[in-house]
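The block underneath contains the structure these notes are about, expressed in structure tokens.
The values are calculated or read from the model by the stated rules, or taken from the named source; none is laboratory data. Because the structure is a prediction, the values reported are computed rather than measured. Cβ atoms come from the backbone with ideal geometry, glycine included; neighbour counts cover every protein chain shown. Areas reflect the complete protein model, heavy atoms only, side chains present, ligands, DNA and RNA absent. Shrake-Rupley method; radii C 1.70, N 1.55, O 1.52, S 1.80 Å.
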Amino acid sequence: MNNFGLLRSIGKINKSGKEAGIIYVKVRFRRRALFVLSWGNIPPVWETKELMMKIWVDADACPGVIKEILFRAAKRTGITVTLVANHYLQTPKLRQIKFLKVPPGFDVADDEIVKRVEAGDLVITADIPLAAEVIEKGAQALNPRGERYSSENIRSLLSMRDFMDTMRSSGVDTGGGPAPLNLTDRQAFANQLDRFLSAYPNN
């Protein structure tokens with residue numbers, strides 16, 4: 001039975017008002033959970049509730065081309081994308097794209113993301129300590145270059161980061177910062193994001 005047939009059947013079952021209760025239906029193509037409520041002879045009340053995961057963006061250091069990929073994904077899927085930064089950012093005028101400005105300060109944006117993120121959410125960040133914290137809360141993390149952080153690799157990445165910090169503090173030349181984002185990086189990020197969205201049960 002397709003989704004439309006399922007909804008019609010439920011409506012007929014409850015239209016008589018003989019049975020009170022709640023029927024819970026996931027409507028995959030609408031990305032909503034649908035509640036059907038009926039009391040006595042009152043016709044059913046149809047109510048929707050958001051069940052989708054959210055995307056949080058560590059936006060101060062996030063490249064503009066990656067933001068554009070996320071904006072397109074939000075428009076296409078309806079998923080909520082929230083950019084967190086300590087300075088104003090211009091975003092498309094879509095209800096599912098939000099901007100959260102935090103006060104200036106070291107790790108203020110990171111702390112805000114950790115406070116608000118929930119299990120199942122996705123965080124876009126190149127900050128390995130932030131990725132480790134959100135993974136501990138049951139969220140997932142993706143680097144703007146398309147590298148997926150996980151519980152399997154985050155400890156080794158943290159260790160490598162700390163080692164490189166120690167080397168730099170000792171005056172060792174570690175080769176400078178990361179290379180500029182290129183087309184391969186952008187494509188890797190877009191592919192990983194698509195895999196994540198298609199694998200999530202409410203998308």
Next item on the list: Please work out how much accessible surface LEU89 shows to a 1.4 Å probe, ignoring ligands, DNA and RNA, in Å² rounded to 10.
Entry: 30
Margin query: What FRET efficiency comes out for ASP111 versus SER156 if R0 is 30 angstrom and r is the Cβ-Cβ distance? Round to the nearest 0.05.
Written below: 0.80
Next item on the list: Give the ranking of LYS101, LYS67 by solvent-accessible surface, highest area first, calculated with a 1.4 Å probe.
Entry: LYS101, LYS67
Next item on the list: Just reorder ASP185, ASP194 by solvent-accessible area, largest first, 1.4 Å probe, all chains present.
Entry: ASP194, ASP185
Checklist line | With all protein chains modelled, accessible area of GLU152 [1.4 Å, Å²] | finding: 150
Check: HN-Hα J couplings of segment 106-115 from phi, Karplus 6.51/-1.76/1.60, θ = phi - 60°, integer Hz, Gly and Pro as x?
Finding: 5, 6, 5, 5, 4, 5, 5, 5, 4, 5
Notebook entry, point to check: So how exposed is VAL65, as accessible area in Å² (1.4 Å probe, rounded to 10)?
Noted result: 60
Check: For VAL65 and LEU94, FRET efficiency with R0 = 25 Å and r from the beta-carbon atoms, rounded to 0.05?
Finding: 0.85
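Keeping every protein chain in place, order PHE106, PHE189, PHE99 by accessible area at 1.4 Å, biggest value first, i.e. largest first. Let's see the in-between values first.
Numbers: PHE106 185, PHE189 0, PHE99 60 Å².
These residues rank, largest area first, as PHE106, PHE99, PHE189.
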